[in-house]
Amino acid sequence: MTAVIMDGVAVSKEVRGRLAARVAALVAKGVRPGLAVMLVGDNPASRVYVRNKVKACAEAGIHSVMDEYPADTSAADVLARIRALNADPSIHGILVQLPLPPHIDVDDVLAAIAPEKDVDGFHVESLGALMAGKPGFQPCTPHGVMEILDHYQVPLAGRNAVVVGRSNIVGKPMALMLLGRDATVTICTSKTRDLAAHTRAADIVVVAVGRPRLLTGDMVKPGAVVVDVGINRDADGKLVGDVDFDSVKEVSGFVTPVPGGVGPMTITMLLANAVTSAERAAAAG
Ligand code: GUN
């Protein structure tokens, strides 16, 4: 059997089509969604990510402002800029690209973002809302995984879901989102004993640990749904996920590729959160 390849590029296009209608409705009411992106330092990967986010905003009709700061910028200056953006009614979302230079405390920075503008969903209040099942912004990557699963009509209630990875950005929120849809969720880590015993019992496996080709076909139940959040370079410099795609696609029922799976969804869900934030602001008058 060969798995259905879950196409993140196609799902992303569909979600962006729905967003265009929501942006048009806001603009008709005189509200243009606005996103502020802050980049501190000169991490080349961060620069590419930030540029892609700004470009995606332009394509979606979202106004964006981008602030670039040198690596030796003080934490006080970054916090002052966040406070100004919190108070700016033309800005509905604030994103500080991570990682930050080591002299800046990331927790202080994330805590300074107004939760109603926290489109990355990294503020403890956003994470707490997700845990409590209350409205808030959900982190973009696991939110994008949920969109892919829903697009392919993967049943979740009562199914065994295994999340490999326990980061605050992907693993933990992913587990909470699956739990919120009544899946039976197990979180595994890089230290889990007999990882394969857990993954072989799973109807749905999401892998987000940053280990090239960690999940192989012999670790997957026939017909299972496998989602690969990893982006790694192998020894030959090839872009690979945390899933050994070639062996897993022969066993699983559905699988996401790398590239072209979860990756394209992350920026799309950022746009979705920015539009939702603008809708909430417009409704609040
Ligand atoms: N660095 C890597 N991924 C992300 C992300 O989704 N948001 C932010 N702010 N920084 C990141």
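Some notes on this structure:
- Cα Rg, Dmax (largest Cα-Cα span) when computed across the stretch 200-285, Å: 16.6, 55
- Descending semi-axes in whole angstrom, ellipsoid equivalent of the stretch 142-285, from the Cα gyration tensor: 27, 18, 14
- Farthest positive-ward along the stretch 160-204 dipole, Cα basis, beta-carbon charges - from Ser167, Leu179, Ala196: Ser167
- Cβ-placed point charges (K, R +1; D, E -1), dipole of the chain about Cα centre in debye, nearest 20: 480 debye
- Net charge in the neighbourhood of Lys117 (other residues with Cβ under 12 Å of its Cβ; Lys, Arg +1, Asp, Glu -1) is -3.
- Sequence of Glu279, Glu59, Glu68 when ordered by accessible area, the most exposed leading, probe 1.4 angstrom: Glu59, Glu68, Glu279
- Positive-end residue of Leu214, Val248, Leu26, charge dipole of the chain with Cβ unit charges: Leu26
- Size of the stretch 37-124 from its Cα atoms: along the principal axes, largest to smallest, the extents are 35, 28, 20 Å.
- Cα-derived Rg to Rh of the chain, Kirkwood definition: 0.98
- Computed extension gain for Val106 through Ala21, at 0.36 nm per residue and net of the alpha carbon distance, reaches 27.1 nm.
- Ordered from longest to shortest, the equivalent ellipsoid semi-axes for the stretch 78-158 are 28, 14, 12 Å, each the square root of 5 times a Cα gyration tensor eigenvalue.
- In the stretch 153-211, Rg over Rh equals 0.95, where Rg is the alpha-carbon radius of gyration and Rh the Kirkwood radius from pairwise Cα distances.
- Extent along principal axes [Cα atoms of the stretch 119-195; Å; largest to smallest]: 35, 30, 19
The values are calculated or read from the model by the stated rules, or taken from the named source; none is laboratory data. Computed from a predicted structure; not experimentally measured. All Cβ positions, glycine included, derive from the backbone under ideal geometry; neighbour counts span all protein chains shown. Each accessible area value is taken on the protein alone, full model and side chains, heavy atoms only, with ligands, DNA and RNA left out. Shrake-Rupley method; radii C 1.70, N 1.55, O 1.52, S 1.80 Å.
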